[in-house]
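Read the structure below first, then the notes.
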Amino acid sequence: MPARIIDGRALAKAMRGGFVTRIEALGAEGVTPGLAVLLIGDDPASAVYVGRKVKACAAVGIASFTERLPASISNAELLGRIVELNADPAIHGILVQLPLPAHIDMARVLETISADKDVDGFHLYNVGGLVTGTTVFSPCTPYGVVKLLEYENIPIEGQNVVVVGASNIVGKPMALMLMARDATVSICHAKTRDLAQYTILADILVVAAGVPRLIVPQMIKHGAVVIDVGINRLPDGSITGDVDFEGVSQKASAITPVPGGVGPMTVTMLLDNTIRSAERAHALHRH
């Protein structure tokens, strides 16, 4: 029997409906959640992603402010602008669109964003908080994956989870978030020997490797849940994930499609983090 399709668009839509209510409650207290987006240089893909985020903000009532900065901007100028945004009470979230030009010190940029406004969840405090359970904001993509599993009533506790891909943005935080929910987690990456010997053991397989159709049916066990985080553009212009969807969906019990699975959830969790930041700031201000 083919796998149940995990519909990220449906959950994103349902969650965004709830966001409107939260934003209206803040509005009644005179607060409008504000997101500042810094776009450095003129990378076309980055511009598309920022456009989507701005549109999503407008749809739920978050005020977004996009600043296009030249690729030639110095580290000092960029850090100075972030410091100004940290101090601006109308801004609850600061997002610096990655990738950055080569001369920009990305680590310094991410550290300079206030942990209380780090709605991407990349600040050292928030990453470290994933280990200790004290994080303010979780990174949006892994947070979206957890929400999808919860929405589908897929148990995490006690399950064997294999994460393929060890990036700081998805793989590592994903593993930490699932460990916090009492899963047994293995992390695989480009240097893992014989990937299939790990993936075949997974009750839940999360794939974020950036390799088109890396996971084929013989690499998963019958009834596994497969979450495909990959987005790869093929030479013909079509989009595919890291999983051979047609084949794997004949063996898995549930699977996310690409597009329409994890993607819509990433932007949704960014909105959730921004609203939560506004709620936190307002609660602190009241006391």
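The values are calculated or read from the model by the stated rules, or taken from the named source; none is laboratory data. Just so it is clear, the model here is predicted, and its values are computed rather than measured. For neighbour counting, all protein chains shown are included, and Cβ atoms are generated from backbone atoms with ideal geometry for every residue, glycine included.
Among the residues of segment 210-240, the one identified as charged (D, E, K, R) and crowded, with 22+ Cβ neighbours inside 10 Å is Asp228.
Kindly check whether there is at least one residue in segment 177-187 that is under 16 Å from the mean Cα position of the chain (by Cα) and of a type in the set (Lys, Arg). No; the residues of segment 177-187 include none that is under 16 Å from the mean Cα position of the chain (by Cα) and of a type in the set (Lys, Arg).
Could you check segment 1-46 and list, in sequence order, the residues that are within 29 Å of Leu110 (Cα to Cα), touching a residue at least 60 places away in the same chain (Cβ under 8 Å) and in a strand (DSSP E or B)? If the condition is that a residue be within 29 Å of Leu110 (Cα to Cα), touching a residue at least 60 places away in the same chain (Cβ under 8 Å) and in a strand (DSSP E or B), then Gly34, Leu35, Val37, Ile40 are the ones that fit.
Output the qualifying pairs, or none if there are none: Cβ atoms under 7 angstrom, residues six or more apart or on different chains, first residue in segment 97-113 and in contact (Cβ under 8 Å) with a residue 24 or more places away in the chain and over 13 Å from Ile169 (Cβ atoms), second residue part of a loop (DSSP other than H, G, I, E, B) and of a type in the set (Gly, Ala, Ser). Within 7 Å, the pairs are Pro101/Gly41; Pro101/Ala71. Residue selection: Ala76 fails the criterion of being without any contact (Cβ under 8 Å) to a residue 40 or more places away in the chain, assigned to a loop (DSSP other than H, G, I, E, B) and more than 21 Å from the chain's Cα centre (by Cα).
Taking segment 193-209 as the range and being outside any strand (DSSP E or B) and crowded, with 16+ Cβ neighbours inside 10 Å as the test, the residues that pass are Leu195, Tyr198, Thr199, Leu201, Ala202, Asp203, Ala208, Ala209.
Residues checked against (1) out of contact with any His (no Cβ under 7 Å at 6 or more places or on another chain); (2) aliphatic (A, V, I, L, M); (3) assigned by TED's automatic domain parsing to the domain that holds Ala202:
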{"site": "His123", "(1), (2), (3)": "yes, no, no"}
{"site": "Val131", "(1), (2), (3)": "yes, yes, no"}
{"site": "Gly144", "(1), (2), (3)": "yes, no, yes"}
{"site": "Leu148", "(1), (2), (3)": "yes, yes, yes"}
{"site": "Gln159", "(1), (2), (3)": "yes, no, yes"}
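Quick check, is Gly128 surrounded by fewer than 14 Cβ atoms within 10 Å (Cβ to Cβ) and at pLDDT below 95? Before you say what the answer is, go through the steps one by one.
Details: surrounded by fewer than 14 Cβ atoms within 10 Å (Cβ to Cβ): yes; at pLDDT below 95: yes.
So Gly128 fits the description; yes.
Scanning segment 32-78 for residues that are at pLDDT below 95 and either among the polar types (S, T, N, Q) or surrounded by fewer than 12 Cβ atoms within 10 Å (Cβ to Cβ) (or both) returns Asp42, Pro44, Ala45, Ser46, Val48.
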